[in-house]
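Below is one structure, written out as structure tokens, with a few remarks after it.
The values are calculated or read from the model by the stated rules, or taken from the named source; none is laboratory data. Since the structure is predicted, the reported quantities are computational estimates derived from the model, not experimental observations. Every residue, glycine among them, receives a Cβ derived from its backbone with ideal geometry; neighbour counts consider all protein chains shown. For accessibility, only protein heavy atoms count, side chains too; no ligands or nucleic acids. Shrake-Rupley method; radii C 1.70, N 1.55, O 1.52, S 1.80 Å.
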Amino acid sequence: QVQLVESGGGLVQTGGSLRLSCAASGRTISVYSMGWFRQAPGKEREFVAAISRSGDSTYYTDSVKGRFTISRDNAKNTVYLQMNNLKPEDAAVYYCAASPALTPTPYPNSYAYWGQGTQVTVSS
């Protein structure tokens, strides 16, 4: 069993940056691929980024490529999402998730554990 707690969300102006963190407990995250998803009001949860167990492979949805960076520190049992050049359409609740998949995956059904989410608001 893995517990995931996101932090780092908040209010930022368009063009600003935020760094989200996902702290895990209960088990080492080194055996999981990790992902970030987001859900805006009235919309379905969508994939944002994922990273392999070792961190040597990453995968992004097209809309965040070049602006967001996912990383992990297995020694600290933590995953990060650096978000730069934020846009109003990035506003959402951001969720961290853990998957037993060997490679980064964009499919929510591949993830076994989810955090409670952290709110990101982008003002125009």
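What the table below lists for this structure:
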item: Total residues in the range 59-94, condition open to solvent by 30 Å² or more (accessible area, probe 1.4 Å) and under 15 Å from I29 (Cβ atoms); result: 7
item: Residue, surrounded by the most Cβ atoms within 10 Å (Cβ to Cβ), within the range 37-54, restricted to residues that are in a strand (DSSP E or B) and of a type outside the set (D, E); result: A50
item: Residues satisfying the stated conditions in the range 24-36, i.e. open to solvent by less than 50 Å² (accessible area, probe 1.4 Å) and either touching a Leu at 6+ places or on another chain (Cβ under 6 Å) or part of a strand (DSSP E or B) (or both); result: A24, S33, M34, G35, W36
item: Failed condition for G9, given (1) touching a residue at least 40 places away in the same chain (Cβ under 8 Å); (2) of a type outside the set (K, R); (3) farther than 21 Å from S123 by Cα; result: (3)
item: Some residue of the range 82-100 being under 24 Å from Q1 (Cβ atoms) and assigned to a loop (DSSP other than H, G, I, E, B); result: yes
item: Residue match in the range 5-23 (condition: in contact with an Asp or Glu (Cβ under 8 Å, 6 or more places away or on another chain) and open to solvent by 60 Å² or more (accessible area, probe 1.4 Å)); result: no
item: Filter result (in contact (Cβ under 8 Å) with a residue 24 or more places away in the chain and of a type in the set (S, T, Y)) within the range 55-90; result: S57, T58, Y59, T61, S63, T78, Y80
item: Enumeration of residues in the range 104-124 that are open to solvent by 60 Å² or more (accessible area, probe 1.4 Å) and in a helix (DSSP H, G or I); result: N109
